[in-house]
1. Only one of (1) closer than 26 Å to residue 17 by Cβ; (2) modelled with pLDDT under 95; (3) in contact with a Lys or Arg (Cβ under 7 Å, 6 or more places away or on another chain) is not met by residue 37, so which one is it?
2. What is the residue count in region 94-127 for residues that are more than 18 Å from residue 42 (Cβ to Cβ), touching a helix residue (DSSP H, G or I) at 6+ places or on another chain (Cβ under 9 Å) and either at pLDDT below 90 or exposed (fewer than 12 other Cβ atoms within 10 Å of the Cβ) (or both)?
3. Going through region 7-28 one residue at a time, which ones are within 23 Å of residue 134 (Cβ to Cβ) and at pLDDT below 85?
4. If only one of 81, 17 is in contact (Cβ under 8 Å) with a residue 12 or more places away in the chain and surrounded by 11 or more Cβ atoms within 10 Å (Cβ to Cβ), which one is it?
5. Just checking, which of 51, 32, 37 is loosely packed, with under 13 Cβ neighbours inside 10 Å and either touching a Gly at 6+ places or on another chain (Cβ under 6 Å) or closer than 13 Å to residue 112 by Cα (or both)?
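The values are calculated or read from the model by the stated rules, or taken from the named source; none is laboratory data. On a predicted model such as this, the values are computed, not experimentally measured, just so you know. Neighbour counts are summed over all protein chains in view; Cβ atoms, including those assigned to glycine, are modelled from backbone coordinates with ideal geometry.
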Amino acid sequence: MDKIVNQEGLIPMMAKLSKEFRALVMEKFQKNGIQLNKEQAIILKILTDVNECPQNDLALVTSRDKTTLTRLLTTMEKKSLIQRRQCKSDKRVNLVSITDTGLIAFKEAEPILTTILDDAVTGIEEHRINEAKLLIKDIYNNLNIPYEK
């Protein structure tokens, strides 16, 4: 039990790392005049890879509930980063795509994200990274939480 409650336990350390990572991304974005947050950058990354995506699929891929994702996409739409349109074959489906403005914003943010991610694993041997990934997957399994890539 001490492993969980203790601040030096694995789960609290992972939670703190996630929080610190988010803050670092925001700091670097602001320092470079990029008006995105981490969540917006993730959505833009997905849309640069797939071009257009059903809104429900984005909710699954980003592990966001539909309400939270809708709020995020509404903000992004107001910033002209994305656009949504109704699917012609199924009116219940909203399709989300990246705009030229969104593509430009992501292209500015991408090198910063890449640098942060590269810096995070600098000096760590590949086998240790793979072990850490396996450990995290084991935690998902132990908690009966489906692991999605």
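1. Going through (1) closer than 26 Å to residue 17 by Cβ; (2) modelled with pLDDT under 95; (3) in contact with a Lys or Arg (Cβ under 7 Å, 6 or more places away or on another chain) one by one, residue 37 breaks only (3).
2. Final tally of qualifying residues: 1.
3. Answer for region 7-28, where residues must be within 23 Å of residue 134 (Cβ to Cβ) and at pLDDT below 85: 8, 9.
4. Values: 17 fails: in contact (Cβ under 8 Å) with a residue 12 or more places away in the chain.
From the options 81, 17, the qualifying one is 81.
5. The conditions single out 32.
Table: residues versus (1) touching a strand residue (DSSP E or B) at 6+ places or on another chain (Cβ under 6 Å); (2) at pLDDT 90 or above.
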| site | (1), (2) |
| --- | --- |
| 31 | no, yes |
| 51 | no, no |
| 63 | no, no |
| 73 | no, yes |
| 81 | no, yes |
| 87 | yes, no |
| 91 | no, no |
